[in-house]
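Taking it in order: structure first as structure tokens, then the write-up.
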Amino acid sequence: MSELLTLSDGSVLDLARYPLPDGVEDDGTPLNRVQLAAAFRVSVNAVTDWVNKGMPVMSSGQNGVAYEFRLLHCWAWRQDRDDRTRATKLRADELASQAALAFRNLDEDQAEEEGHLSADELRKLSEAEYHRNRVAEQRGDLLRADRVRALTEDMLVAFGTAMDSLPDFAEMNFGLTATQVAQLEDYCDQVRGEAKRLIEERVSRAGSVVAISGRQSEMDL
């Protein structure tokens, strides 16, 4: 049966979730700080710190009266607090792992292969890949995406100008009809749009690195 305890912060602790270890009994006898510290094998200062963090007390010490604690309440509070700390760490590790995979721009197969790694392992792997890419960039094997973007934008401007003038050039030199010129203009617009789409698809991630060979190998630097 659940036994609920309302804590000082308003949260409710189910004592039944955290029974005392086998062989340890709690008949309700109050313990003072020294006795509770001995029970948990910690210092009295640690007990004081726990009280400040919300550990339940049977009575607050004042005017020379010692604090009183119930062992079961303090045990359950400590176990619940440890569970919350572990859950927070696991969630943080999960988020860090997801971020590391996303920042490294892995595809689905690579992400699945590395999904079992811990946050620390992913951090070390990311650092190693970062340094590999830095060395490759210094050798000239890789270029930063922002530099590629600037180059391709200049190329797109020149390419677009050529596409704009091509129908007029063809009309004057090959005697195209108005219908043929209109068809050529539509075709040029399609070619220019497809070229822009392909380039944007490759270098859409700012701060990434792109292989000169055209094979994409990205990593945020």
>> Which of the helices (runs of 4 or more DSSP H) found entirely inside region 52-164 contain at least 3 residues meeting this: acidic (Asp, Glu) and at pLDDT 65 or above?
In response: 71-103, 119-139
> Only one residue in THR161, THR179 is within 26 Å of GLU200 (Cα to Cα) and among the hydroxyl-bearing types (Ser, Thr, Tyr). Which one?
Replying inline: THR161
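The values are calculated or read from the model by the stated rules, or taken from the named source; none is laboratory data. Remember, it's a predicted structure, so these values are computed and weren't measured experimentally.
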